[in-house]
1. Loop only per DSSP, at most 11 neighbouring Cβ atoms within 10 Å: give me the GluC sites (Glu not before Pro) in the range 290-327, ordered by residue number.
2. Rank Glu94, Glu151, Glu24, Glu83 by accessible area, highest first, at a 1.4 Å probe radius?
3. Whose amide H sits under 5 Å from the amide H of Thr172, counting only residues 5 or more places off or on another chain, with H placed in the peptide plane?
4. Residue by residue, what Karplus-based ³J(HN,Hα) values in Hz, rounded to whole numbers, does the range 248-264 have, using 6.51, -1.76 and 1.60 with θ = phi - 60° and x for Gly and Pro?
5. Whole angstrom only: what separates the Cα centroid of the range 197-221 from the Cα centroid of the range 315-334?
6. In this model, which of Lys260/Lys328; Lys206/Lys334; Lys69/Lys270; Lys260/Lys334; Lys8/Lys156; Lys139/Lys191 are farther than 23 Å apart at the alpha-carbon?
7. Excluding residues fewer than 8 places away in the same chain, name every one of the lysines whose C-alpha is closer than 17 Å to that of Lys84.
8. Please turn the phi angles of the range 147-160 into ³J(HN,Hα) values with the Karplus equation 6.51 cos²θ - 1.76 cosθ + 1.60 (θ = phi - 60°), one per residue in order, whole Hz, x for glycine and proline.
Amino acid sequence: MAQYTTLKNFLASNNNRFLEQNNEDLQNVLNDLAEASISVSKDISRAGLIDGFLGAQGGQNVQGEDQQKLDVIADNAFIDVLEKGGAVCGVASEENENFVSFNNPKSQSGSYVVLFDPLDGSSNIDVNVSIGTIFSIYKRISPLNGPACIEDMLQKGTEQVAAGYTLYGSSTMFVYTSGQGVNGFTLEPSKEEFYLSHPDMKMPVKGRYYAMNEGNINECNPKIIDYIKYCQSRDNDYGSPYSGRYIGSLVADFHRNLIKGGIYIYPCTKNAPEGRLRLLYECNPLAFISEQAGGLSTTGTQRIMDIQPEKLHQRVAFFTGSKNMVEKAMGFLK
Ligand code: AFP
């Protein structure tokens with residue numbers, strides 16, 4: 001492994017053009033998120049062998065979705081590590097109705113808030129399919145040495161100072177941006193370290209993959225039906241149908257498109273008239289990464305990161321992926 005840089009060294013390095021220099025607090029937050037990801041990755045990989053890890057928790061989250069046991073385990077793992085770290089004054093997550101403001105004095109002097117989906121793709125947990133964690137980091141706007149407030153959480157995506165995800169796939173990867181490009185790190189499980197494996201990631205401007213839950217197709221605006229027909233036709237820019245790929249874990253679908261090129265769409269449907277995916281801890285962080293890698297993220301008509309959030313668990317329509325493909329899809333919605 002000697003030839004590979006660890007995430008810790010990469011974040012601390014003096015010539016790291018991917019993180020604001022001397023920003024030890026932000027380095028610590030990213031290292032803490034990586035540390036919690038390693039613990040969650042271990043839990044996921046042995047989940048079938050441990051009583052109490054697989055299956056439903058027995059409750060629902062604020063979105064009315066069944067909580068899985070690992071959703072709750074992962075949520076606690078991230079909250080614990082961020083509270084202990086001291087650079088974060090509060091967090092919001094998919095699993096909690098309200099944001100959490102950390103009470104201890106060290107945390108209240110912290111400059112950052114973190115919004116996250118602890119385990120994205122819950123329906124895939126019990127069937128051993130890739131799942132992920134998605135996170136978004138902002139500078140607080142509330143005064144230092146006091147509690148975090150709702151305005152800290154409801155900032156536009158353009159205000160993110162860093163964002164990323166961990167993909168628990170055939171390997172575990174940590175991918176982040178702090179506004180100067182995107183870097184990907186692979187977990188070496190025996191060493192419990194992430195190593196830089198995918199430096200300066202760029203999303204191809206076009207690709208051959210489209211991802212949508214096509215079970216919903218007749219629930220969508222007819223213009224979406226036209227776009228999907230275009231993807232399946234010989235009239236597209238490749239002259240042959242794109243391949244459909246839909247994992248049902250946003251992180252995994254996004255990561256495939258980041259590497260291979262492609263588009264992911266989750267439009268408004270009759271059942272989800274505002275969209276299905278959550279702006280603050282699913283769409284904004286992936287939008288930041290996509291743009292940093294040369295891709296695009298929109299609602300179909302508006303840039304995701306320009307949306308002024310109104311509530312914590314706000315949903316939006318989401319079109320993300322290769323620049324040319326997202327632009328083409330937007331053309332259908334005009
Ligand atoms: P969770 O974070 O609640 O697991 O939601 C997963 C998700 O938001 C996203 O990962 C998927 O792309 C999408 O839901 C799948 O939903 P459908 O079953 O509606 O396609």
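The values are calculated or read from the model by the stated rules, or taken from the named source; none is laboratory data. All of these numbers come straight from a predicted model, not from anything done at the bench. Here the Cβ is made from the backbone with ideal geometry for all residues, glycine too, and neighbour counts use every protein chain on show. These area figures cover heavy atoms from the full protein model, side chains too; ligands, DNA and RNA do not enter into them. Shrake-Rupley method; radii C 1.70, N 1.55, O 1.52, S 1.80 Å.
1. Working: sites: Glu291, Glu310, Glu327; in loops: Glu310.
Answer by residue number: Glu310.
2. On the way: Glu94 10, Glu151 100, Glu24 125, Glu83 70 Å².
Accessible-area ranking of Glu94, Glu151, Glu24, Glu83, largest first: Glu24, Glu151, Glu83, Glu94.
3. Here Leu187 satisfy the definition.
4. x, 10, 3, 4, 5, 5, 5, 4, 4, 5, 4, 7, 9, x, x, 10, 10
5. 10 Å
6. Values: Lys260/Lys328 18 Å; Lys206/Lys334 21 Å; Lys69/Lys270 30 Å; Lys260/Lys334 27 Å; Lys8/Lys156 28 Å; Lys139/Lys191 32 Å.
Distance filter (> 23 Å) returns Lys69/Lys270; Lys260/Lys334; Lys8/Lys156; Lys139/Lys191.
7. Once the sequence-local lysines are set aside, what remains near Lys84 is Lys106.
8. x, 6, 10, 4, 5, 4, 7, 9, 9, 5, x, 5, 8, 4
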